[in-house]
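Enquirer: Input: one structure, supplied below.
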Amino acid sequence: MREIPVRDPPAGEWPAGELESPGCCPVCGGSMRERLHDDARDRIFFCAPGRWTLWRCAECRSAYLDPRPAASAIGRAYRGYYTHEKVPSGSPGGPWCFLQQAVINDWLRAHYRVRRHPWLPLGRFLLVFLPRYHRSVGQWARHLPRPGPDSVCLDIGCGRGDFFEVAQACGWRVQGLEPDPVAAGIARGRGVRVHTGGLPATGLEPDAYEAVTLNHVLEHVHDPGRAVREAWRLLRPGGILWIATPNLGALGYRRFGVHWRGLEPPRHLVLFHPASLTDLLRRAGFDPVVGMPASLKPLRNFASSHRIASGQDPNDEAIPVPWRIRLAAFIAALGAWLRPAWGEELIFIAQKPRLDPNQKETGPGDIQAEGHEESRTQPGEEPNRVSCARTEPAEDETERD
Ligand SMILES: [Zn+2]
């Protein structure tokens with residue numbers, strides 16, 4: 001039987017001169033807070049020294065690190081990050097993969113009018129009866145609407161460009177934005193235009209994109225308010241912003257606490273609750289803001305969190321997962337199916353309002369709520385509340401996924 005190695009987080013402390021304090025909640029600017037965890041450490045990529053304190057805002061229920069790595073020094077926390085790995089070549093084969101691809105291609109044909117082979121006629125209806133796979137396919141396509149003839153999607157924090165092929169399969173023209181030059185170089189190898197840079201000051205043209213996606217990026221930024229306002233600036237009127245980020249309301253967090261995979265100190269500077277992310281997007285001017293159910297796959301997070309709690313390497317998927325953890329993940333999937341707010345991730349789509357409500361452009365259509373939570377800006381509500389000035393980062397700040 002294989003001996004399971006134990007890994008310790010890096011020794012030493014984060015240099016005191018490379019720390020900063022946000023001073024107040026980076027999401028809402030609130031100053032009332034409670035201490036959630038002390039002694040949180042990098043037990044995921046084992047590259048960031050230090051012990052971190054996580055606070056929960058009493059006003060919006062987001063959590064944030066204080067102190068946290070300064071924007072100018074955050075690169076220290078990304079040495080050994082997974083986006084530096086080369087893209088795996090080839091794809092798994094076998095009849096099951098062939099069937100899955102055929103079903104997905106029929107779904108693409110129905111949603112995006114894109115013809116790809118192989119495809120299984122009426123395969124889309126199989127997905128309706130399999131909620132786990134139906135949600136996974138929707139999230140895989142990032143719930144993008146059908147593109148117009150010249151619609152461009154910008155994937156911010158694109159890493160190695162893993163999403164490019166999916167966006168193109170859905171009929172979108174796609175570009176990437178990535179602060180890490182190594183990852184950006186790998187992404188360019190896919191033949192896609194990739195800008196080097198990050199949030200909140202991207203330096204890109206305003207009103208240039210029909211869709212902007214932030215897949216597990218927002219939790220890495222020092223000022224999420226400025227980040228979503230920058231996304232708003234980049235979008236054309238009627239364009240959509242798609243966000244995925246860890247959910248502090250997840251059942252996995254309730255079970256594993258400081259060992260939960262989603263915390264990932266000190267790279268995750270902010271963690272959201274469904275309501276706090278909704279409010280952040282509304283204050284930036286997005287309307288409507290729609291929460292989508294995340295895919296029902298908590299097992300990976302549960303297995304990683306269990307390994308963190310056991311002092312093992314959470315990325316070592318060769319370590320067997322105990323049956324009690326598998327059972328807990330199954331129950332969590334059931335819970336998230338009944339109540340999306342308990343899912344491991346938050347998935348949100350937000351639309352930049354059209355200039356004229358009666359105007360129909362050639363870009364993507366309006367968000368289809370599909371029975372999910374929707375919120376609209378209330379009359380008289382302040383559209384652009386700015387978070388506290390002490391959180392303003394330097395102009396050359398770069399962020400990573
Ligand atoms: Zn707050």
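Enquirer: Check segment 62-74 and report whether any residue there is assigned to a helix (DSSP H, G or I) and at pLDDT below 75. If you could, list the steps in order and put the result at the bottom.
Expert: Here is the first cut: in segment 62-74, the residues assigned to a helix (DSSP H, G or I) are 71-74.
The next check asks that each one be at pLDDT below 75; those that pass are none.
Scanning segment 62-74, I find no residue that is assigned to a helix (DSSP H, G or I) and at pLDDT below 75, so the answer is no.
Enquirer: Just to be sure, is E230 under 18 Å from C158 (Cβ atoms) and either buried (at least 24 other Cβ atoms within 10 Å of the Cβ) or at pLDDT 95 or above (or both)? Before the answer, list the steps.
Expert: Details: under 18 Å from C158 (Cβ atoms): yes; either buried (at least 24 other Cβ atoms within 10 Å of the Cβ) or at pLDDT 95 or above (or both): yes.
Answer is yes for this residue.
Enquirer: On to the next question. So, in segment 42-61, how many residues would count as being touching a helix residue (DSSP H, G or I) at 6+ places or on another chain (Cβ under 9 Å), closer than 17 Å to G262 by Cβ and more than 12 Å from the ligand (Cβ to nearest atom)?
Expert: Number satisfying all stated conditions: 6.
Enquirer: Another question, if that's okay. Condition first: crowded, with 22+ Cβ neighbours inside 10 Å, at pLDDT 95 or above and more than 23 Å from Q312 (Cβ to Cβ). Can you find one or more residues in segment 249-268 that meet it?
Expert: no
Enquirer: Restricting attention to segment 119-156, and to residues there that are aliphatic (A, V, I, L, M) and at pLDDT 85 or above, which single residue is nearest to the chain's Cα centre (by Cα)? Full working, then the answer.
Expert: From segment 119-156, those aliphatic (A, V, I, L, M) are 120, 122, 126-128, 130, 137, 141, 144, 152, 154, 156; that's our starting set.
Of the ones still in play, those that are also at pLDDT 85 or above are 144, 152, 154, 156.
Values: L144: 15, V152: 20, L154: 14, I156: 10 Å.
Restricting to residues being aliphatic (A, V, I, L, M) and at pLDDT 85 or above, the top hit is I156.
Enquirer: If you check D39 against the conditions, is it outside any loop (DSSP other than H, G, I, E, B) and either at pLDDT below 90 or of a type outside the set (A, V, I, L, M) (or both)? Step through it out loud before you land on a result.
Expert: Values: outside any loop (DSSP other than H, G, I, E, B): yes; either at pLDDT below 90 or of a type outside the set (A, V, I, L, M) (or both): yes.
The answer is yes for D39.
Enquirer: Also, I was wondering about something else. Residues in segment 181-197 that are crowded, with 24+ Cβ neighbours inside 10 Å and part of a loop (DSSP other than H, G, I, E, B): how many?
Expert: Summing the residues that are crowded, with 24+ Cβ neighbours inside 10 Å and part of a loop (DSSP other than H, G, I, E, B) in segment 181-197 gives 0.
Enquirer: Is it the case that G23 is closer than 27 Å to S276 by Cα, modelled with pLDDT under 90 and within 15 Å of the ligand (Cβ to nearest atom)?
Expert: Values: closer than 27 Å to S276 by Cα: yes; modelled with pLDDT under 90: yes; within 15 Å of the ligand (Cβ to nearest atom): yes.
So G23 passes the test.
Enquirer: Taking the criterion of being part of a loop (DSSP other than H, G, I, E, B) and at pLDDT 90 or above, would at least one residue in segment 322-342 satisfy it? First the steps, then the outcome.
Expert: Step one: filter segment 322-342 for residues part of a loop (DSSP other than H, G, I, E, B), giving 322, 339.
Right, trim to at pLDDT 90 or above and you get 322.
Yes, some residue in segment 322-342 is part of a loop (DSSP other than H, G, I, E, B) and at pLDDT 90 or above.
Enquirer: With the structure loaded, tell me whether H222 is under 25 Å from A71 (Cβ atoms) and crowded, with 24+ Cβ neighbours inside 10 Å or whether it fails that test.
Expert: The answer is yes for H222.
Enquirer: Which one of these does E18 not meet: (1) more than 21 Å from the chain's Cα centre (by Cα); (2) within 15 Å of the ligand (Cβ to nearest atom)?
Expert: (2)
Per-residue answers, yes or no, for (1) in a loop (DSSP other than H, G, I, E, B); (2) in contact (Cβ under 8 Å) with a residue 12 or more places away in the chain; (3) outside the structural domain of R61 (by TED's automatic domain parsing):
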{"residue": "Y253", "(1), (2), (3)": "no, no, yes"}
{"residue": "E264", "(1), (2), (3)": "yes, yes, yes"}
{"residue": "R282", "(1), (2), (3)": "no, yes, yes"}
{"residue": "G291", "(1), (2), (3)": "no, yes, yes"}
{"residue": "K297", "(1), (2), (3)": "yes, yes, yes"}
{"residue": "N301", "(1), (2), (3)": "no, yes, yes"}
{"residue": "S304", "(1), (2), (3)": "no, yes, yes"}
{"residue": "G311", "(1), (2), (3)": "yes, yes, yes"}
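The values are calculated or read from the model by the stated rules, or taken from the named source; none is laboratory data. This one's a predicted model, so the numbers in the text were calculated from it and none came from an experiment. Neighbour counts are summed over all protein chains in view; Cβ atoms, including those assigned to glycine, are modelled from backbone coordinates with ideal geometry.
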